[in-house]
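The values are calculated or read from the model by the stated rules, or taken from the named source; none is laboratory data. Keep in mind it's a predicted model, so treat the numbers as computed, not measured. So basically every Cβ, Gly included, is an ideal-geometry build from the backbone, and we count neighbours across all protein chains shown.
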Amino acid sequence: MSVKRVTASAPGKVTLFGEHAVVYGEPALVASIGRRVYVTVELRGDDNVRIVASDLQVPGVTVTFSGDELVVETDYGRALSAISYLKTAVELVSKYLNTFRGVNIFVRSEMPVGAGLGTSAAVTVATVLAYSRVLGYELDRREIARLGWEVEKAVQGLASPMDTSITTFGGVLRVKLLDGRNYEVREVLKSCDLPIVIGYVEREAKTKDLVLKVKNLKDRYPGIIDNIIRTIGLVVNEAEKALLNNDLNLLGELMNINQGLLDALGVCNKRLSDLIYAARTAGALGSKITGAGGGGCVIALAPGCQERVEVAMKLSGGLTLKTSLGGPGATVNTVESTSP
Ligand code: PMV
């Protein structure tokens, strides 16, 4: 019997502390979330690869009425960008295993794509897992995470192994890049019940552009920006201790410090700031961007006031997302075989 169809899934993530600085070798704390991307890969009889992305929840649907005409201006660029991760995942896994088969790939997402919840890494890792399994291989998690990172680097240029690690392993991780090829991943917690609210606004820039923006700033003001990046690393180390001691007041304060430093890196914008300050005014102990910024997501630590913070974010023009933190990493959900 050989495998003919595999469905794998992988979770989204929120960066609790340390985004951007992680690209330059500082540690980051990152948690998986309870929303997943599902990828089904089925063998075809030929050498073609067909991608069907029926539900990528692309945010920011814009509809304009022009006379009698209805114009839908949804940003399909985001869906297309998700598709380049799928295509590259198939190419790199084929190269790694030295085997290629034509496949149909079906993708479904339980979270908005391109909003800063690590969907590109989740799509990538679920594809690596499902495609390698359909080819008859059982890769271990380290191989899957590494291949996922290679895909992200190939598509994005600069990328840290943070998103691909968390979507592969799940839980709460500390991730640190050692050099261009090596990195450390340590599990901080298996599960996590921090009272978080996630808010999001439409993204104006891609991760790749924001990472480049920080790089340009760093090239222009190395003395200043290097210190900001190092300081973010110090915040992350304190945050890890606060998380392990469940000291929410300290965690909130450190989130606000991290946010100030991200703002100094130029990755925040007015809409994100509105959400961040609305959350604090509504009682959150701390709030910050999560992910690359430039729009996308914020997180707020809101013990005893999650609903109030959600309402405040909505009134400030954001959408909110309910989910748990620290769920399981990538997994194979179903394997169907051809009958003998
Ligand atoms: O917004 P996201 O989920 O694409 O996160 C990007 C995180 C960065 O640290 C800005 C980049 C990276 O590769 O780690």
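Within the group Leu315, Leu321, Leu261, which residue is surrounded by 15 or more Cβ atoms within 10 Å (Cβ to Cβ) and over 23 Å from Gly12 (Cα atoms)? Let's see the steps before the verdict.
Working: Leu315 fails: surrounded by 15 or more Cβ atoms within 10 Å (Cβ to Cβ); Leu321 fails: over 23 Å from Gly12 (Cα atoms).
After ruling out the rest, the residue left standing is Leu261.
Each row is one residue, and each column tells you yes or no for (1) surrounded by 20 or more Cβ atoms within 10 Å (Cβ to Cβ); (2) touching a residue at least 40 places away in the same chain (Cβ under 8 Å).
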position: Pro161; (1), (2): yes, no
position: Thr168; (1), (2): yes, yes
position: Leu173; (1), (2): yes, yes
position: Gly180; (1), (2): no, no
position: Lys190; (1), (2): no, yes
position: Pro195; (1), (2): no, yes
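What are the residues in region 204-214 that are out of contact with any helix residue (DSSP H, G or I) (no Cβ under 8 Å at 6 or more places or on another chain) and within 11 Å of the ligand (Cβ to nearest atom), if any?
Of everything in region 204-214, those that are out of contact with any helix residue (DSSP H, G or I) (no Cβ under 8 Å at 6 or more places or on another chain) and within 11 Å of the ligand (Cβ to nearest atom) turn out to be Asp209, Leu210, Leu212, Lys213.
When only residues in region 106-159 that are surrounded by fewer than 24 Cβ atoms within 10 Å (Cβ to Cβ) and at positive phi count, which is farthest from the ligand (Cβ to nearest atom)?
Among them, the one singled out is Gly136.
Any idea how many residues of region 94-130 are within 27 Å of Val14 (Cβ to Cβ) and in a helix (DSSP H, G or I)?
Residues of region 94-130 that are within 27 Å of Val14 (Cβ to Cβ), as a first pass: 105-130.
If we keep only those that are in a helix (DSSP H, G or I) too, we end up with 119-130.
Total meeting the criteria: 12.
Can you tell which of Arg186, Arg203 is of a type in the set (Lys, Arg), in contact with a strand residue (DSSP E or B) (Cβ under 8 Å, 6 or more places away or on another chain), at negative phi and crowded, with 22+ Cβ neighbours inside 10 Å?
Details: Arg186 fails: crowded, with 22+ Cβ neighbours inside 10 Å.
Just one listed residue meets the conditions, Arg203.
What is the residue count in region 256-277 for residues that are among the basic types (Lys, Arg) and in contact (Cβ under 8 Å) with a residue 60 or more places away in the chain?
So in region 256-277, the residues among the basic types (Lys, Arg) come out as 270-271.
Applying the additional criterion that residues be in contact (Cβ under 8 Å) with a residue 60 or more places away in the chain yields 271.
Final tally of qualifying residues: 1.
For every residue, the table says whether it meets (1) under 14 Å from the mean Cα position of the chain (by Cα); (2) assigned by TED's automatic domain parsing to the domain that holds Glu204; (3) at pLDDT 95 or above; (4) of a type in the set (A, V, I, L, M).
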residue	(1), (2), (3), (4)
Gln306	no, yes, yes, no
Val309	no, yes, yes, yes
Leu315	no, yes, yes, yes
Thr331	no, no, yes, no
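Name the residue that is surrounded by the most Cβ atoms within 10 Å (Cβ to Cβ), counting only residues in region 9-53 that are charged (D, E, K, R) and not in a strand (DSSP E or B). Steps first, answer last, please.
Within region 9-53, the subset charged (D, E, K, R) is 13, 19, 26, 35-36, 42, 44, 46-47, 50.
When the remaining residues are screened for being not in a strand (DSSP E or B), the result is 19, 26, 44, 46-47.
Details: Glu19: 31, Glu26: 22, Arg44: 13, Asp46: 9, Asp47: 9.
That would be Glu19.
Among the numbered conditions (1) more than 15 Å from the ligand (Cβ to nearest atom); (2) basic (Lys, Arg); (3) under 20 Å from Leu194 (Cα atoms), tell me where Lys314 comes up short.
So the condition that Lys314 fails would be (3).
Considering only helices (runs of 4 or more DSSP H) fully contained in region 150-269, which possess at least 1 residues that are within 30 Å of Ser94 (Cβ to Cβ)?
On the way: elements: 162-169, 207-220, 222-244, 248-264.
Helices (runs of 4 or more DSSP H) meeting the threshold: 162-169, 207-220.
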